Amino acid sequence: MRTRNFGPVSVLTAALLLTACGAPQAQEQYDMPPPQVDVASPISAQVADLNDYTGRFESVERVEVRARVGGYVKSVHFEDGSRVKAGELLFTLDDRPFRAVLAQAEAQLALAQAELEQSRSDLERSETLRESGAVSIEELEQNRTRLAAATASVAAAQAGVESARLDLSFTRVTAPIDGLVSARNIDPGNLVAGGNSAGDIFTTIVRDDQLYFTFNVSEADYLRYMRAQQAEGVVRAEARLQDESSFNRPGEVVFADNHMGATTGSIRVRALIDNTDGIIRPGMTGEVRINGSAPYEALMVPQTAVQTDGTRRTLLLVNDQNAVEATPVALGPQSGNMQVIRTGLNAGDRVIVNGLLRAQPGSSVSPVMVELEYENTLEGPASVQSRPAMSARRIN
């Protein structure tokens, strides 16, 4: 049987065919133009860093309303949840026992005053008779002692009257401060105890035209705020509630604790926030924004232009030869739809802002210059959207 060997010829033929077919494709790829990318110069603007913190609102003043005397509750003079003024009548106790005590005290005062007048007359008569020797020295001294005792009795009786009048006035329980009153805990007809801190709590009142917002800051932030307060005299703050998209409640930092937490490394800070619409209630949570720096000039690029390479952050730049270069940068806070670049970027650099997947470091590209537009992004409710703790506000 005759065997044909086609191996060498077949391999050679296939190689020639592949070479012939591949040559046009390689030539075509070699002649393709560089990919087109959008480039832009960074925005230069003056910004100020802002720090955001979560915390809780607390009342500036909170009073537990108690009676200063015990007795039966006669009537209630307010609506639950209403606003009251200092001195406004809230509760009335049955005052009849206290009026009786006052009448008795006034009678004691009248008796003491009568005794005082009698003692004064006896002393004057004794002094007159003493000149003629009709009264002994001992009797004169006794009359002087009786006058002094009568004077003291009058003073004691007067104090008793004042005390009885005061107790009578305490049967009218009034609001000690302006504010929002809670629901009543006592209804008419109940017997209540009063006069001490263990007495029955009638209701509570909180002042709510302004509230404290309490939060914790790091040692570095605390030092920055204290430096700003020393330089400017005040540290501004802005707060918002969980369902609010913007920080539209102004205030200022008014308190920092006297020690740093040993385990947390933070310090408790308090801002005084206006509550002009009366929506905030003590105990609610929210966010506060504090100025974290003085205004400074910053370069900004779109957040989407920043590349992540492990722990490094880079930007893709196009040089004068239209070649792509990757340059490491240090990031600052976000500002609107832009990212502040601390270091690694110059004002005249051409940053690739669109077409990043078509650009590789060292390759050539066809750059198209575009203009960047700054936009203030809506932040969304505090309880829904997650975002950096630091941001920057554009000033101009």
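Values in this text are rule-based calculations from the coordinates and carry no lab data. The structure presented is a predicted model; accordingly, all values stated were derived computationally and were not measured. Glycine also receives a Cβ, built like all others from the backbone with ideal geometry; neighbour counts cover every protein chain displayed.
What residues from segment 255-290 fall in the zone where the backbone N is under 13 Å from a label point 7 Å along the Cα-to-C-beta line of residue 219?
What the label zone holds, given the 13 Å backbone N cut-off, is 259-267.
Sorting check: for 250-262, 194-206, 170-182, which peptide has the highest mean count of neighbouring beta carbons within 10 Å, and how do the rest follow? Each step should come with its number before you reach the end.
On the way: 250-262: 13.8, 194-206: 15.8, 170-182: 18.8.
Taking the mean over residues of other Cβ atoms within 10 Å, the ranking is 170-182, 194-206, 250-262.
Which residues' amide hydrogens lie under 5 Å from the amide hydrogen of residue 88, considering only partners 5 or more residues apart or on another chain, with H built in the peptide plane?
HN-HN under 5 Å from residue 88: 175.
Take peptides 352-358, 331-337, 76-82 and line them up by average Cβ neighbours within 10 Å, highest first, as a rough protection proxy.
Working: 352-358: 16.6, 331-337: 18.9, 76-82: 12.4.
Those peptides, ordered most packed to least, come out 331-337, 352-358, 76-82.
Relative to the present Cα-Cα distance, how much length would full extension add between residue 193 and residue 86 at 0.36 nm per residue of separation? Each step should come with its number before you reach the end.
Details: separation 107, 0.36 × 107 = 38.52 nm, distance 2.28 nm.
Computed gain between residue 193 and residue 86 is 36.2 nm.
I need the calculated FRET efficiency for the pair residue 281 and residue 246, taking r as the beta carbon distance and R₀ as 25 Å, to the nearest 0.05.
For residue 281 and residue 246, the calculated efficiency is 0.80.
Scan around residue 74 for amide H atoms under 5 Å from its own, H built in the peptide plane at 1.01 Å from N, and keep only partners 5 or more places away or cross-chain.
Residues meeting the amide H criterion: 92, 93, 94, 189.
Mind listing the long-range amide H neighbours of residue 237? Cut-off is under 5 Å, sequence gap 5 or more, other chains count too, H placed in the peptide plane at 1.01 Å from N.
When sequence neighbours closer than 5 places are left aside, the close amide H contacts are 251, 252, 253.
Each label point is 7 Å from the Cα along the Cα-to-Cβ direction; what then is the distance between the points at residue 356 and residue 272, in nm?
It works out to 4.6 nm between the two label points.
Using the Cβ atoms and a cut-off under 13 Å, what net charge is assigned to the surroundings of residue 160, where Lys and Arg are +1 and Asp and Glu are -1?
Working: positive: 165; negative: 106, 162, 167.
That works out to -2.
Hey, with R₀ at 56 Å, roughly what FRET efficiency would residue 262 and residue 326 work out to, going by the Cβ-Cβ distance, to 0.05?
Details: r = 44 Å, r/R0 = 0.79.
Once rounded, the FRET efficiency stands at 0.80.
Would you mind giving the average projected area, over all directions, of the Cα convex hull of the chain in nm² with one decimal? Spell out each step's value before the answer.
On the way: hull surface 178.9 nm².
Convex hull of Cα atoms, orientation-averaged projection: 44.7 nm².
Would you calculate the separation in nanometres between label points at residue 151 and residue 343, each defined as 7 Å from the Cα along the Cα-to-beta-carbon direction?
Modelled inter-label distance: 8.6 nm.
Quick check: Cα centre of segment 224-303 to Cα centre of segment 333-373, how many Å?
33 Å
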